[in-house]
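Written out below as structure tokens is the structure these notes cover.
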Amino acid sequence: MSVGKNIKHDSSYGHVTGESIFVDDRAPVLGELFVGVVGSPVSKGRLKGINHKKALAHPSCVGVYTAEHLSAKKWGAIFHDQPILVDEEIGYMGEPLCIFASSRREDIEEIKTLFDFEIEEEKPIYTIKEAQASDSFVYKAPKPFAQGNVEEAFKNAKHILEGTFIVGGQEHFYMESQACCAYPMENGQIEVHSSSQHPSETQRVVAEALGLPLHHVVCVVKRMGGGFGGKESQAAPIAAYAALVSKYTGKPARLILTKDEDMVITGKRHPFENDYKVAFDDEGKIEGIKMILRSDAGAYSDLSSSILERGMFHADGAYFLKNVHIEGYAYRTNRHSNTAYRGFGGPQGNMTIESVIEDIAAYLKKDSFEIRRKNIYQGKDLLTPYGQELENNMLPALFDDLYKSSDYQRRMQEIIEFNNKKTGKLKGLSMTATKFGIAFTARFLNQGNALVNVQLDGTVQVSTGATEMGQGVNTKIQQIVAHAFGIAADDVQVMTTSTEKNHNTSPTAASSGSDINGAAALDACNKIKARLSELAKLVFAGKESNDLVEYEVGKGSIDADIVFTENKVIQKSTQKEIALKELINIAYFNRISVGAYAFFKTPGLGFCKNSVEGKAFNYYTQGVAATEVLVDEYTGEMKVMRTDILMDLGRPINPGIDRGQVTGAYVQGMGWVTTESLFYDEKGHLISHSPTTYKIPNVQDTPREFHLDFISNDDNDCNVHRSKAVGEPPFLLGSSAWTAVKHALSFRSKEGVVNLTSPCTGEVILGELTRLKSGH
């Protein structure tokens with residue numbers, strides 16, 4: 001039985017030995033060219049001309065390509081508004097204006113300096129407030145999420161707090177930068193090997209850019225060196241650049257962005273500035289809340305509309321809001337076109353309500369756990385602001401169990417005593433939650449397909465639209481297929497993802513990769529098993545086949561009397577058995593298919609954002625985290641001392657991989673809210689565009705004491721093997737480090753409430769401490 005076991009990640013040995021193949025590890029091909037990208041020197045303006053004479057005069061420069069060489073000028077994941085290469089209007093600093101091909105990789109940086117541009121520079125918009133003043137929108141949510149009567153709640157409120165929650169963006173910082181190799185094939189075809197989370201989107205953008213039909217473009221994704229959402233949409237134009245060079249030269253083309261280029265060109269997590277007004281009683285029970293979410297979409301729409309809506313879907317967090325009004329706006333600025341990032345807007349919405357609850361606790365001089373426990377979804381209070389009921393609610397159990405296992409009460413008392421001593425250091429402790437909806441909010445994306453081929457030796461090859469970026473989706477699919485046939489996981493090989501085998505696929509995103517593709521693979525296995533089960537019954541009944549008569553089976557059906565286990569097929573009622581390999585060979589010689597294609601769509605989904613009704617999510621992954629921090633009052637330095645996490649992941653397919661996902665997501669989320677700050681100069685240049693200037697968490701930043709456990713939950717019967725998605729939900733728990741800092745600083749606030757922005761870098765913490773001590 002493979003499901004539920006800690007088998008090794010399918011790439012673990014390859015990663016350790018260096019044998020895993022990434023895009024730039026592909027062997028060079030004779031005549032291969034290297035592609036360079038030339039970015040805009042201004043944040044906003046009109047491109048009047050490109051002078052590339054000096055570049056073309058360079059001995060290794062083979063050609064320069066501009067928007068004029070493209071069949072389609074624009075692309076977009078939802079709205080086609082972003083130039084593949086700038087034709088006229090420049091939207092942000094570093095935006096690609098043209099590309100070139102060189103026969104020598106080492107000449108790329110030199111050739112970049114040989115271009116001159118004629119540009120009419122215009123005044124850029126850099127902030128949400130500037131965009132708001134200029135009415136510069138990308139998207140407005142068509143209708144607020146609302147329940148009850150907020151205005152009436154405000155009229156009758158004993159207490160009201162209002163303010164603005166500000167949270168910054170985040171660089172994806174995947175280890176492998178955007179990368180693609182393009183190969184010209186026969187009959188005008190192009191094959192692209194891309195570091196992409198969305199092969200079908202990459203295929204489409206390449207085809208449109210080159211003016212090719214889709215059946216002339218194949219996108220292949222072996223694996224990615226990280227993605228985190230940054231390669232869901234934005235890998236596509238990178239592939240188009242390489243393919244464009246390949247088309248015009250007839251030669252293979254390789255485009256590998258440096259880390260600096262990648263950070264300058266590509267979009268980030270969306271910064272948000274969320275206004276709120278909350279009414280509550282003396283015990284901290286929320287009586288009404290109004291939230292207006294405002295995101296910085298950057299220069300183009302990309303996925304910003306869906307990201308904003310996901311933020312609205314998660315603005316309730318884990319808390320029942322009887323009277324609630326949530327609206328959202330995505331603003332156009334002259335920054336990189338911001339894009340998908342682990343959580344997809346959910347963290348920005350969720351963190352808003354967590355910040356508000358921390359403020360309520362500080363204002364009332366109460367423990368924030370008490371406020372949270374009072375407001376969580378519980379009993380009959382299960383209706384979300386968007387009208388979907390929370391099913392299989394594990395939040396009360398999660399909060400209560402972690403409160404006990406983390407020894408929260410004793411530690412909180414010790415923290416209060418420590419902070420009252422005024423030693424120059426402050427401690428803080430906070431418990432936050434995640435209630436993450438699992439499904440693409442665009443219903444059509446909740447589909448997938450799988451191809452399963454059983455070989456004559458009893459081994460299996462499986463192909464799906466899922467893409468492996470280190471998260472272990474291939475390993476989980478491997479386990480699902482092995483479990484279905486009763487064979488060892490090592491006897492199943494998940495094949496390289498390719499659009500010629502699995503078409504019209506959805507991105508590996510929304511934490512749904514294993515759910516959708518795993519279900520499709522299981523369905524394909526069951527089709528094969530149904531035929532083999534019917535064949536096995538014929539064999540066990542003593543019926544024979546010969547040169548004149550062969551076994552005949554229909555579609556067959558899964559028979560509970562026939563069991564596939566330990567490389568055997570057993571009939572329980574007679575205890576007869578046959579080796580799986582032998583049965584497969586009988587099927588082959590009797591012309592019975594042992595391969596299958598299956599299509600899966602998540603059932604029951606359908607949400608109308610214009611009327612705010614329907615079912616947006618298949619289920620919810622839930623969890624809680626308690627984080628303790630230590631803050632130096634003189635320097636602003638912060639250390640995470642301890643973190644306890646308790647997650648509801650249903651029945652994990654691979655508990656070990658899920659542990660890695662939870663701890664990794666927490667640390668990445670913690671980095672977003674504590675150290676990862678994006679700095680720009682007055683002209684719009686990203687200053688923090690390298691590992692030396694952008695601070696992701698290192699080993700010393702992780703919790704000194706780190707505890708993780710899973711709660712038992714066998715009731716998630718709407719997903720494959722009753723498992724739950726794990727990729728994004730734990731990311732939201734990283735905010736507990738930020739709320740813990742907020743709690744620590746509240747001990748130096750006369751009013752209790754602390755005005756802390758995110759990320760709370762050392763500078764931000766020190767600035768807020770200085771403000772609090774000065775009484776301003």
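The values are calculated or read from the model by the stated rules, or taken from the named source; none is laboratory data. Predicted, not measured: the structure shown is a model, and the values here were computed from it. With ideal geometry, Cβ positions are generated from the backbone for all residues, glycine too; neighbour counts draw on all protein chains shown. SASA here: full protein model, heavy atoms, side chains in, ligands and nucleic acids out. Shrake-Rupley method; radii C 1.70, N 1.55, O 1.52, S 1.80 Å.
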* Asked: Quick one: length gained pulling Arg722 to Glu88 fully straight, 0.36 nm per residue minus the C-alpha distance?
  -> 223.0 nm
* Antiparallel %, DSSP beta bridges [both residues in the range 447-601], to 5 -> 85 percent
* Asked: Once you put a point 7 Å from the Cα of Phe444 and another 7 Å from the Cα of Leu548, both along the Cβ direction, what distance in nm separates them?
  -> 5.7 nm
* In the range 71-173, which trypsin sites (Lys or Arg not before Pro) are in a loop and have at most 16 other Cβ atoms within 10 Å, using DSSP for the loop call? -> Arg104, Lys158
* Asked: What's the tally of Lys pairs in the range 447-601 whose alpha-carbon atoms lie under 15 angstrom apart, where the two lysines are 8 or more places apart or on different chains?
  -> 12
* Which aspartates and glutamates have a Cα less than 13 Å from the Cα of Lys129, not counting those fewer than 8 places away in the same chain? -> Glu273, Asp275, Asp296
* Pairwise FRET efficiency - Glu162 versus Glu417, Cβ, R0 = 30 Å, nearest 0.05 -> 0.35
* With runs of 4+ DSSP H residues as the only contributors, calculate the mean residue ellipticity of the chain at 222 nm using -39,500 (n - 2.57) per run, divided by the residue total and rounded to the nearest 500. => -8500 deg cm²/dmol
* Using a cut-off of 11 Å between beta-carbons, work out the net charge of the residues near Ser712 (Lys and Arg +1, Asp and Glu -1, Ser712 not included). => -4
* Structure fact -> Once Lys and Arg are counted +1 and Asp and Glu -1 for all other residues with Cβ under 14 Å from that of Leu30, the total becomes +2
* Step through the table entries Lys285/Lys365; Lys222/Lys268; Lys259/Lys695, compare each Cα-Cα distance with 18 Å, and write down the pairs that go over it. => Lys222/Lys268
* May I ask for the distance between the Cα centers of the range 394-450 and the range 201-244, given as a whole number of Å? => 38 Å
* To do: Taking only protein heavy atoms into account and a 1.4 Å probe, give the accessible area per residue of the chain in Å².
  => 38 Å²
* To do: Quick one: work out the % antiparallel among DSSP beta bridges in the chain, nearest 5.
  => 80 percent
* Asked: To the nearest 0.05, what FRET efficiency results for Met175 and Phe706 with a Förster distance of 30 Å applied to their C-beta separation?
  -> 0.85
* **Radius 9 Å from Cβ of Gly472, net charge of other residues (Lys, Arg +1; Asp, Glu -1)** => -2
* Structure fact -> Excluding ligands, DNA and RNA, the carbon-plus-sulfur percentage of the accessible area of the chain with a 1.4 Å probe reads 50 percent
* Set of lysines with alpha-carbon distance to Lys123 below 21 Å, sequence-local pairs under 8 removed -> Lys44, Lys48, Lys683
* Between Met185 and Ile78, take the C-beta separation as r, use R0 = 41 Å, and let me know the FRET efficiency to the nearest 0.05. => 0.85
* To do: Sticking with the crude label model, points 7 Å out along Cα→Cβ, report the distance from Glu370 to Lys53 in nm, one decimal please.
  => 7.8 nm
* **Cα centre as origin, Lys/Arg/Asp/Glu Cβ charges: the range 263-362 dipole, Debye** => 580 debye
* Given charges at beta-carbon only (K, R positive; D, E negative), |dipole| of the chain in Debye -> 640 debye
* What's the longest bit of the chain with no exposed chymotrypsin sites (Phe, Trp or Tyr not before Pro), using DSSP loop states and at most 12 other Cβ atoms within 10 Å as the test? -> 1-633
* For the range 631-676, build the charge dipole from Cβ charges (+1 Lys, Arg; -1 Asp, Glu) around the Cα centre, then report which of Val673, Gly656, Thr643 sits farthest towards its positive end. => Gly656
* Taking the structure as given and computing Rg/Rh (Cα atoms, Kirkwood Rh), which label from [x] 0.97; [y] 1.00; [z] 1.12 fits? -> [y]
* Asked: ³J(HN,Hα) across the range 296-305 via Karplus (A = 6.51, B = -1.76, C = 1.60, θ = phi - 60°), whole Hz, x for Gly/Pro?
  -> 9, 6, x, 6, 9, 6, 6, 10, 4, 5
* Asked: What is the gain in length, in nm to one decimal, between His15 and Asp490 on full extension, counting 0.36 nm per residue of separation less the C-alpha to C-alpha distance?
  -> 169.3 nm
* To do: Identify all aspartates and glutamates with a Cα-Cα distance to Lys251 below 17 Å; exclude those on the same chain that are fewer than 8 residues away in sequence.
  => Asp24, Glu32, Glu186, Glu191
